[in-house]
1. If you go through segment 155-199 one residue at a time, how many are within 12 Å of the ligand (Cβ to nearest atom) and in contact with a Gly (Cβ under 7 Å, 6 or more places away or on another chain)?
2. Does segment 253-266 contain any residue that is exposed (fewer than 15 other Cβ atoms within 10 Å of the Cβ), without any contact (Cβ under 8 Å) to a residue 12 or more places away in the chain and in a loop (DSSP other than H, G, I, E, B)?
3. Can you say whether GLY298 is in a loop (DSSP other than H, G, I, E, B), more than 16 Å from the ligand (Cβ to nearest atom), touching a strand residue (DSSP E or B) at 6+ places or on another chain (Cβ under 6 Å) and at pLDDT 95 or above, as far as the supplied structure shows?
4. All but one of (1) out of contact with any helix residue (DSSP H, G or I) (no Cβ under 8 Å at 6 or more places or on another chain); (2) more than 29 Å from ALA23 (Cα to Cα); (3) surrounded by 23 or more Cβ atoms within 10 Å (Cβ to Cβ) hold for ALA137, so report the exception by its number.
5. Restricting to segment 114-138, what's the tally of residues that are assigned to a strand (DSSP E or B) and within 23 Å of ALA55 (Cβ to Cβ)?
6. Working carefully through the options GLU361, GLU343, find the one that is in contact with a Pro (Cβ under 7 Å, 6 or more places away or on another chain), farther than 30 Å from ILE127 by Cα and either surrounded by fewer than 20 Cβ atoms within 10 Å (Cβ to Cβ) or modelled with pLDDT under 95 (or both).
7. Residues being small (Gly, Ala, Ser), closer than 15 Å to LEU295 by Cβ and either within 16 Å of the ligand (Cβ to nearest atom) or assigned to a strand (DSSP E or B) (or both): count how many of those fall in segment 320-370.
8. Output the strands (runs of 3 or more DSSP E) that fall wholly within segment 52-113 and possess 3 or more residues being in contact (Cβ under 8 Å) with a residue 60 or more places away in the chain, or say none.
Amino acid sequence: MSITLSLGPRVRKSPFFEAARKAGLAAASVYNHMYMPTGYGDPAAEYDRLINGVAMWDVAVERQVALKGPDALALARYLTPRNLHGLTIGQGKYAPICNYEGALINDPVLLQISDEEVWLSIADSDITLWAGGIAGARGMDVRVFEPDVSPLAIQGPKSFDVVADLCGDWIRELRYFGFRQFELDGIPMVVARSGWSKQGGFEFYLQDGSRGTELWNKVAEAGAPYGIGPGTPNYVERVESGLVSYGADTDDMSNPFEYGLGKFVDVDQEQDFAGKAALRAIRDAGVTRRFMGLLIEGEPFTGTNENRWLLSQKDGRAAGYACATAYSPRVASNIAVAMVSTEAIDAGAPIVVHADGGDLEARIVELPII
Ligand code: THG
């Protein structure tokens, strides 16, 4: 049974919140101390718009952590295991952040805004506190703060036409995670080719929170000929695509190698970074579980799983847990993203999912599922 989300001043609202509400917002969660829209009441239509058309998502919860000052880049390099050599203004990078034990504590997109300013576009954890603490303890000349920046995502195959109509054809030349500063009728924003789906798209990082409704309405109007409609980071599509959802898929012990993010961890670079020694040891020891896909038998699932579902091998040995489960119309099967023991993966046999409604058999597959 569903319960009501209590609205109040303690949890922050997005600059797009009122516009989203007017557009029929029906469900929300909490992320980075803000309400995060999770549905407009018609999951099938929202999925279809993302796969075949275009959708607009209030993702202001992807807060920015600004590092500003002479040591901005030095701090960024210390915060992420990713080798930032060759980073340029206008090119974003997926840059995991780990603690000193090598555990993943966020997986932001990093944007170099200028010679002395970097943004970390963060997932759901308090990186302003972490980065500010490290900067202070290391005596770095850099200010760490949350700027007035709120992303609005435009996702789906027709997003290119909508954003080109709004901003110009130059947007078609943006590389993945590339971005540029742009004023839309005087509204300041960063336009990036990015977004948490594999259907293609853009994010408008609004730089004036007082103009959220205005920007929302402009996008809705430009998108109308293409059938744009509201949506949210899509639960089903992200499982199909195997995108990592920090917090949903991770726990206190998660390390980047388990999620296939090893290519973003350079323990051999000269640059020191938080967690370097621990990550080197983890790399040398190898992982004992991996982020995988599952194809699960049984009647099509409806909705989302409230809890993680435990997995076991046929002989009863624990094999990990399913993080997010969904019925995929495109695969025509129940699917999941899961943390699976390497033992179970190597065995190559079907496993058992202890779903809320009873045990189901599943096959382990590589990600992405599509
Ligand atoms: N947009 C913005 N900020 C964000 C997210 C976002 N911050 C948090 C979270 N989402 C960051 N996490 C991801 C994870 C994966 C991708 C984007 C953001 C992604 N990955 C592609 C893939 O896995 O195929 C491409 C990775 C690559 O080529 O480097 O898109 O959504 N503003």
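1. 9
2. For segment 253-266, residues exposed (fewer than 15 other Cβ atoms within 10 Å of the Cβ), without any contact (Cβ under 8 Å) to a residue 12 or more places away in the chain and in a loop (DSSP other than H, G, I, E, B): absent.
3. yes
4. (3)
5. 1
6. On the way: GLU343 fails: in contact with a Pro (Cβ under 7 Å, 6 or more places away or on another chain).
Exactly one of GLU361, GLU343 is in contact with a Pro (Cβ under 7 Å, 6 or more places away or on another chain), farther than 30 Å from ILE127 by Cα and either surrounded by fewer than 20 Cβ atoms within 10 Å (Cβ to Cβ) or modelled with pLDDT under 95 (or both), namely GLU361.
7. Here the count works out to 9.
8. Correct list: 55-58, 64-68, 92-94.
The values are calculated or read from the model by the stated rules, or taken from the named source; none is laboratory data. Keep in mind that what you see is a predicted model, and the values were worked out from it rather than measured. Please note: Cβ atoms are built from the backbone with ideal geometry, for glycine as well, and neighbour counts cover all protein chains shown.
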